[in-house]
Amino acid sequence: MKTLYTGKLFIFLVAYLTVISLIQAQAPLKMSYQAVIRDSAGELVVNSNIGVQISILQGTTKGGAVFVERHFPTTNENGLVSLHIGEGSVESGSMEELNWAEGPYFIQTEIDLHGGNNYTMAHTSELLSVPYALFAKTFDGYEDLLSRIEALEEALDNDDPEPGTVTDIDGNVYQTVIIGNQEWITENLRVTKYNNGDDIPTGLNDSEWQNTTQGAYAIYPHDGGETEDDVEGINSDEEMIGAYGMLYNWYSVDDERGLCPAGWSIPSDEDWTQLINYAIDQGYPNDGDNPNSAGNALKSCRQIGSPLGGDCDTSQHPRWFSHGTHYGFNEFGFSALPSGGRWSYGSFTSVGIYSLWWSATELSGTNAWGRGMYSGSGVMSRENYVKSGGFSVRCVRE
């Protein structure tokens, strides 16, 4: 997700510029575009007419506009706006005449929250996969490509997409789930390599862990460390990784080589906020004292003494420690589990009790934002973590 700032306005882009729909050889080319619109106070701009100007720039972010069009869409009840680039009111240029081999190309978005053309916000980003798909119409397999792209756009236009799976560079397969306008993996990351194939360092002792400023991961020790009880039923590193994933320092999260699978990213602080706000909007307040809260709605139901019974009421890891009031009920399929953490000074703590996750948002030279959950509370809290700490990682689709 990208956050766009200009003056007092900003947009959260939660969707994408997708592969084009090449309808027919003589029909206009188009690209799907979605964004969630918020005002200067961070409030969703719902059921409102807005003005959008789309410009395709050539060469650089400051390059000349080779295509400009305007749209006047209406946001829905969630602040989401959807449009097709190529179907607006053309101001200049032609999508048909663009030579995608002469890139790079960039897309500039300008917004008027009042539905006119007094644009007060602009954001520019590079078009990456889209030009390739457009250029591909010149090769012999164009007709086959055409049918594939049409099927892809139909799937992307589905208002209620089905969750699926995603695979990391190690071959680990993760389930995913749609929550509001976001798609999340439902498990903690357990990858050992960056996306370019470089190994992520591991096996650091307490002193090495505390002092490194390079990316690293750790595996929670399966022979104990939990304050209420040992990690019963887990007898190997492999079983621990399968249950709770790995613990990464923030330097690995921030590494440009990338932790998450291609097309996915470490959630920003705003991504986490959007997740919580969605739960709140569905009637689950982020209230630590409320058993019917956002935090409990996002927790896995696996918990000692769960009133849901069945597989939910279990003492076998992975699971939450018992609590008389707060039990997870996994309303949205996020399936949060308490993987504990490794503190900045090297010791491990609180598997079965705490979920601790990184965000991609830096706070200072030594700290970054994250999120946390506790077995005895119904809140998902915003946390300020030291970068050398070791916490879990979730990924969100870009």
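These residues, Lys62, Lys299, Lys193, Lys30, go from largest to smallest accessible area, 1.4 Å probe, as Lys62, Lys193, Lys30, Lys299. Just need log10 I(q)/I(0) for segment 206-356 at q = 0.10 Å⁻¹, Debye formula, equal scatterers on the alpha-carbon atoms, no solvent, rounded to two decimals. Treating every Cα as an identical point scatterer, log10 I(q)/I(0) equals -0.40. Across the protein chains, with a 1.4 Å probe defining accessible surface, the residues Phe332, Phe67 rank Phe332, Phe67 from largest area downward.
Each peptide in 348-361, 91-104 gets a packing score, the mean of other Cβ atoms within 10 Å over its residues, and the list from highest to lowest is 348-361, 91-104. Going by accessible surface with a 1.4 Å probe and the largest first, Arg319, Arg397 read Arg397, Arg319. Per residue, the accessible area of segment 180-317 comes to 42 Å², computed with a 1.4 Å probe over protein heavy atoms only.
The values are calculated or read from the model by the stated rules, or taken from the named source; none is laboratory data. This structure is a prediction, so every number in the text was calculated from the model and none was measured. Because the Cβ atoms are built from the backbone with ideal geometry, glycine has one as well, and the counts that use them run over all protein chains shown. Accessible surface areas use protein heavy atoms only, side chains included; no ligands, DNA or RNA. Shrake-Rupley method; radii C 1.70, N 1.55, O 1.52, S 1.80 Å.
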